[in-house]
1. Does residue 41 fit the bill of being surrounded by 14 or more Cβ atoms within 10 Å (Cβ to Cβ), in contact with a strand residue (DSSP E or B) (Cβ under 9 Å, 6 or more places away or on another chain), assigned to a strand (DSSP E or B) and without any contact (Cβ under 8 Å) to a residue 40 or more places away in the chain?
2. Checking the structure you have, find out if any residue of segment 2-11 is within 10 Å of the chain's Cα centre (by Cα) and at pLDDT 95 or above.
3. Kindly list the number of the only condition in (1) at pLDDT below 95; (2) on the phi < 0 side of the Ramachandran plot; (3) over 15 Å from the mean Cα position of the chain (by Cα) that fails for residue 77.
4. Could you check segment 20-38 and list, in sequence order, the residues that are within 10 Å of residue 8 (Cβ to Cβ), modelled with pLDDT under 95 and either assigned to a strand (DSSP E or B) or touching a strand residue (DSSP E or B) at 6+ places or on another chain (Cβ under 6 Å) (or both)?
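The values are calculated or read from the model by the stated rules, or taken from the named source; none is laboratory data. Remember, predicted model here, so these are calculated numbers, not experimental data. Here the Cβ positions follow ideal geometry from the backbone for every residue, glycine too, while neighbour counts run over all protein chains shown.
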């Protein structure tokens, strides 16, 4: 699993979603300056990591460490598609809002297969 670090401004912090009795997730959108077209990058925090976002709000300057996740899915029509997502693992304030002392990284353990949602009963459910 590849790791990436994304730095930018928090655009949105989603609410925690209870996907099932054993799986929950929360989305963070980071705006990364990139020339004329800023990039709005969604990063999904799951399970115990959803609480890492509690103290963040739009406008905060952050650095996020995420794992790149790729999935394969074959639809009823037999066409195979591939999906890419970023699973957040750590978040840190940067810039003027960063704490003056101490390690400010909030770290959770790396994601495991238990962090992934299980397939639903519906045959046309997308895998995310």
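1. Details: surrounded by 14 or more Cβ atoms within 10 Å (Cβ to Cβ): yes; in contact with a strand residue (DSSP E or B) (Cβ under 9 Å, 6 or more places away or on another chain): yes; assigned to a strand (DSSP E or B): yes; without any contact (Cβ under 8 Å) to a residue 40 or more places away in the chain: no.
When the stated conditions are applied, residue 41 does not pass them.
2. Residues of segment 2-11 that are within 10 Å of the chain's Cα centre (by Cα), as a first pass: none.
Looking for residues that are within 10 Å of the chain's Cα centre (by Cα) and at pLDDT 95 or above, one finds none in segment 2-11, hence no.
3. (1)
4. Applying the first criterion (within 10 Å of residue 8 (Cβ to Cβ)) to segment 20-38 yields 29-34, 38.
Next, only the ones that are modelled with pLDDT under 95 stay: 32-34, 38.
32, 38 - these are the residues of segment 20-38 that are within 10 Å of residue 8 (Cβ to Cβ), modelled with pLDDT under 95 and either assigned to a strand (DSSP E or B) or touching a strand residue (DSSP E or B) at 6+ places or on another chain (Cβ under 6 Å) (or both).
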